[in-house]
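Single-structure report; data block below.
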């Protein structure tokens, strides 16, 4: 399969010019995982220009990631100007770099603010637009003031897109009636060999001293619903007091979660580790991975945990829709920590069930993953088709 992918890449000319609009500021961090992943795109395009939402106060500078990939911060005075600034910069890039219709396109990394900026550039420059969806904006749990505005934005932006890229069949099933655009499924590329062969630098049991360790890896944001993880831990401790929860991640909910842990008297059984670039030791030496999200576009942490050999207890979100309950993982409805706790207790008590879940999940995930070469080949094929969609419409 990898040889086939290499052959495809080798036979295709790299004559595409791509304008990408996104919000991942880790691109400006030297050696970041996302930066290294983006560099691979240089093999399938002539030029890739990435405009990133960022405040001027961050002091980010335009940079060149590789010989044909550039990144540009919007340097906006307020987040409310992200869209206008990104559209202005994008239009200038297209003009200065002489983007040619038929060999150029715009891709927006979400169907919200990035999608709106991409639509503005499309209208001005008459280039086709791809919209990427990395979350589930149609979930009933996609709440909050900003998300309520985003829900309104999604439909008109999808309607005007030329192509939509999603990560799961579940999300595709929710949007196919909202757009006349072609829709493709392409999950984030995950290097499973790198995960499987990663070096273990420490053992979490030695570090924390608990007999059974639950691991959650997530941004500490409301949609990750880590309060359910704390509540589940509280139930589990009633049966197995020597159980601990390690949370790897950072975000705006951190202080609230720490306060909740104190109020539930869980301080001795929970560890907040912050964000870690290297999390192989957490994945490979914990006993169980716990995901409590109310919605996910995919669930990369779950995939990494499964490939690392961890059994999984999860809410039914993202890729969990494509897994079998009781065979690949224990999968429960959103917002029911008592059920999560029951699943955890069952797995603490039954080592053979944990082993079966580990083996089955790893096998299932590996069957769904594609090689890096095939991933890039599919992306290039999609982009070439999108770039060919020249429309002189007024959308």
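Given the conditions (1) buried (at least 17 other Cβ atoms within 10 Å of the Cβ); (2) in the same structural domain as residue 333 (by TED's automatic domain parsing); (3) touching a helix residue (DSSP H, G or I) at 6+ places or on another chain (Cβ under 6 Å); (4) touching a residue at least 60 places away in the same chain (Cβ under 8 Å), and given that residue 170 satisfies all but one, which numbered condition is not satisfied?
(2)
Somewhere in the stretch 93-110, is a residue under 24 Å from the mean Cα position of the chain (by Cα), closer than 30 Å to residue 333 by Cβ and assigned by TED's automatic domain parsing to the domain that holds residue 20?
Step one: of the stretch 93-110, the residues under 24 Å from the mean Cα position of the chain (by Cα) are 105-110.
Right, trim to closer than 30 Å to residue 333 by Cβ and you get 109-110.
Checking the rest, the ones that are also assigned by TED's automatic domain parsing to the domain that holds residue 20 come to 109-110.
Within the stretch 93-110, one or more residues are under 24 Å from the mean Cα position of the chain (by Cα), closer than 30 Å to residue 333 by Cβ and assigned by TED's automatic domain parsing to the domain that holds residue 20.
Considering only the stretch 355-372, I want to know if a residue exists there that is surrounded by 16 or more Cβ atoms within 10 Å (Cβ to Cβ), touching a residue at least 60 places away in the same chain (Cβ under 8 Å), more than 15 Å from residue 293 (Cβ to Cβ) and touching a strand residue (DSSP E or B) at 6+ places or on another chain (Cβ under 6 Å).
no
Residues 158, 214, 220: which one is touching a strand residue (DSSP E or B) at 6+ places or on another chain (Cβ under 9 Å), buried (at least 19 other Cβ atoms within 10 Å of the Cβ) and assigned to a helix (DSSP H, G or I)?
From the options 158, 214, 220, the qualifying one is 158.
How many residues does the stretch 25-70 contain that are within 22 Å of the chain's Cα centre (by Cα), part of a loop (DSSP other than H, G, I, E, B) and surrounded by fewer than 16 Cβ atoms within 10 Å (Cβ to Cβ)?
Result for the stretch 25-70: 4.
Can you work out which of the residues in the stretch 161-180 that are in contact with a strand residue (DSSP E or B) (Cβ under 7 Å, 6 or more places away or on another chain) and assigned to a helix (DSSP H, G or I) is farthest from residue 126 (Cα to Cα)?
Per the stated criteria, the residue is 169.
Test residue 101 against the stated conditions and say whether it is closer than 17 Å to residue 20 by Cβ and either at pLDDT below 95 or surrounded by fewer than 23 Cβ atoms within 10 Å (Cβ to Cβ) (or both).
no
Can you tell me how many residues within the stretch 71-99 are assigned to a loop (DSSP other than H, G, I, E, B) and within 17 Å of residue 130 (Cβ to Cβ)? Can you show your working first?
Quick first cut of the stretch 71-99, residues assigned to a loop (DSSP other than H, G, I, E, B) only: 74-75, 77-78, 97-99.
Right, trim to within 17 Å of residue 130 (Cβ to Cβ) and you get 99.
Of the residues in that region, 1 qualify.
Any residue at all in the stretch 259-275 that is outside any strand (DSSP E or B), under 18 Å from the mean Cα position of the chain (by Cα) and farther than 23 Å from residue 147 by Cα?
Yes, there is a match, as at least one residue in the stretch 259-275 is outside any strand (DSSP E or B), under 18 Å from the mean Cα position of the chain (by Cα) and farther than 23 Å from residue 147 by Cα.
Please state which one of 180, 229, 161 is over 24 Å from residue 78 (Cα atoms) and at pLDDT below 90. Spell out the reasoning first.
Numbers: 229 fails: at pLDDT below 90; 161 fails: at pLDDT below 90.
Step by step, each of 180, 229, 161 is checked, and only 180 is over 24 Å from residue 78 (Cα atoms) and at pLDDT below 90.
The values are calculated or read from the model by the stated rules, or taken from the named source; none is laboratory data. The structure presented is a predicted model; accordingly, all values stated were derived computationally and were not measured. Cβ coordinates were reconstructed from backbone atoms using ideal geometry, including for glycine residues, and neighbour counts include every protein chain displayed.
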